[in-house]
Structures are given as C-alpha cells and as structure tokens.
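Every number here is computed from the coordinates shown, using simple stated rules; none is lab data. Everything quoted here is computed from the prediction, not taken from an experiment. Because the Cβ atoms are built from the backbone with ideal geometry, glycine has one as well, and the counts that use them run over all protein chains shown.
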Amino acid sequence: MTEAGVVFAGLVVISIGIRAAGLDLAVARRFYDSWRTPPWWGVDRQPWEFLYRYGSFPGIAAGAVSLVLLVASLFARALRRHRRTCLFLVLVLAIGPGLIVNGIGKDHWGRPRPRDLIEFGGTQPFVPVGLPVRLGGHAFPSGHASIGFYWLSLYILWRGRRPRAARVGLAVGLAAGALMGFERVAVGAHFLSDVIWAGGIVYLTALAADAALAAGSAPEIRRTGTAAP
C-alpha cells in the first residue's frame with residue numbers, strides 16, 4: 001500500500017474509533033458549561049483569541065511569498081532553482097486548505113458545528129463524522145487547523161534530502177495544527193475529528209503535489225541526470 005493509502009486508511013480507522021467511543025461529543029463537552037458566560041471555555045480567552053485572529057497569517061504569507069517568487073523566477077535566473085519549491089508550496093496551500101478544506105468541505109459537507117447542536121443550546125442535531133449531510137453546517141473539516149497543518153508540507157519537501165530540517169517541519173506542522181485545532185474545539189467551532197481530518201487532508205495534498213511535480217520533472221532528470229532548476 002502506498003503512503004497515501006496508509007494515511008487515508010488511518011484516517012478512516014481513527015474516525016471509526018471516534019464514532020464508536022463518542023469522542024467528538026465527549027471532548028466538546030469538556031469545553032462547554034451552560035452556567036458560564038460565554039458558555040464555551042475558549043471564547044474571549046488569550047492566547048486562543050489571538051490564534052483565531054492571526055494564527056493563519058504565517059501560513060498564508062508563506063504561500064503568498066512563494067507565489068511572488070514563483071512569478072519572479074520567470075524573469076530572474078537566480079530564482080529558477082527555487083521554482084519547484086515555490087510551486088509545491090503554492091499548490092499545497094491552494095488545493096489543501098484552499099480548495100478541498102474551505103471550498104469543498106466546509107461549504108458543502110454540511111456538518112453542524114458543536115455550538116449549533118441541541119446538546120449545547122442550539123437547534124441542530126449531532127452528526128457523527130462520516131458522510132456529508134444537508135444541514136448547512138460548516139464544521140467539517142477545520143479551516144484554521146488546516147492552515148496550521150500546512151507546515152507539514154515542509155516535512156514532505158525536505159525529508160528526502162534534509163532529514164533534520166524535515167523533522168523540524170514535521171514538529172512545527174503538528175504543533176501549529178494542534179494549537180489551532182485546540183482553539184477551534186475550545187470555542188465550539190469544530191469537533192476533534194474535524195481537526196484530525198484537516199491535518200490528513202493537508203498531508204495527502206502535499207503527498208499528491210510532491211508526486212505530481214516529481215513525475216513532471218522525470219523526463220528532464222533522465223536526460224541530464226539532475227533535476228531541472
């Protein structure tokens with residue numbers, strides 16, 4: 001089985017376990033108290049409010065800078081050797097957090113957020129992680145967490161040639177995604193499974209982008225013995 005197959009199978013198994021154990025609701029209840037104002041623990045608390053407002057900026061900025069450098073590489077010869085790296089980072093951000101997570105998932109999956117549930121003073125029924133529903137919710141997957149997990153792309157980018165830097169990228173990506181995800185769970189915006197799937201989607205996107213770019217550069221490698229700049 002390919003690495004992507006293993007990751008996807010792992011996401012499915014984890015989701016089954018979360019459903020069987022009722023973890024989505026159990027974790028959400030840890031942060032909710034109807035006697036508290038506001039009832040969700042993470043609302044208006046620091047540093048979680050700061051993370052919500054500004055935590056996505058570094059990832060978005062990295063993608064934007066990569067796009068600028070990619071365009072500049074068409075005119076500046078010195079930047080051409082960074083073209084593949086920039087294209088990879090742009091593709092992962094645009095397709096993973098951008099298209100799949102926010103464009104397709106959040107807008108069309110329909111899973112209600114925890115704070116909208118009957119169990120937490122709302123009007124919507126709880127929907128376990130799984131197939132999409134037509135309830136107009138925006139819980140699945142977590143957009144903010146996906147931007148944090150975007151840094152996992154550095155692990156995919158560097159693991160074959162810079163293993164130490166790759167491990168740093170892995171640690172940063174997991175930590176940033178977990179922190180962003182914790183904030184979203186703590187304010188009743190997402191479930192645990194929404195955060196886990198956000199990370200999985202970004203990782204799978206990075207694997208696909210890396211494989212596509214490697215396949216695209218293969219003819220040049222065969223002709224010259226080295227990758228094209």
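Quick notes on this structure:
- Principal-axis tilt of helix 57-72 within the chain, Cα atoms, nearest 10 degrees: 20 degrees
- Treating r as the C-beta distance of Ala61 and Val12 and R0 as 41 Å, the FRET efficiency rounds to 0.75.
- Per-residue [θ]222 nm for the chain (sum of -39500 (n - 2.57) over DSSP H runs n ≥ 4, rounded to 500): -19000 deg cm²/dmol
- Counted by neighbouring Cβ atoms within 10 Å, the residues Ser193, Ser34 run from fewest to most as Ser34, Ser193.
- Packing-based exposure ordering (other Cβ within 10 Å, fewest first) of Ile196, Ile60, Ile201: Ile60, Ile196, Ile201
- By the count of neighbouring beta-carbon atoms within 10 Å, fewest first, Arg53, Arg84 end up ordered Arg53, Arg84.
- In this label model, Arg19 and Leu131 are separated by 1.0 nm, measuring between points 7 Å along each Cα→Cβ vector.
- Backbone HN-Hα couplings from phi across the stretch 89-105 [Karplus 6.51/-1.76/1.60, Hz, Gly and Pro as x]: 5, 5, 4, 4, 5, 5, 8, x, x, x, 6, 6, 6, 8, x, 9, x
- For the chain, with +1 on Lys and Arg beta carbons and -1 on Asp and Glu, the positive-most of Ser153, Ile118, Ala26 along the dipole: Ser153
- Projecting label points 7 angstrom from Cα along Cα→Cβ for Ala214 and Thr85 puts them 1.9 nm apart.
- The C-alpha atoms of the chain define a longest principal axis, and helix 192-224 lies at about 10 degrees to it.
- Length-normalised contact order for the chain - Cα pairs under 8 Å, 6+ apart - percent: 25 percent
- From the largest down, the chain spans 67, 38, 33 angstrom on the principal axes of its Cα atoms.
- Relative to the longest principal axis of the Cα atoms of the chain, the long axis of helix 3-21 lies at roughly 10 degrees.
- Extreme residue, positive dipole direction of the chain, given options Gly63, Gly136, Val202 (C-beta unit charges): Gly63
- In order along the stretch 142-152, the phi-based Karplus estimate (6.51 cos²θ - 1.76 cosθ + 1.60, θ = phi - 60°) of 3J(HN,Hα) comes to 8, x, 4, 4, 5, 5, x, 5, 3, 5, 4 Hz; Gly and Pro are listed as x.
- Cα-based radius of gyration for the stretch 1-119, normalised by 2.2 N^0.38 Å, reads 1.48.
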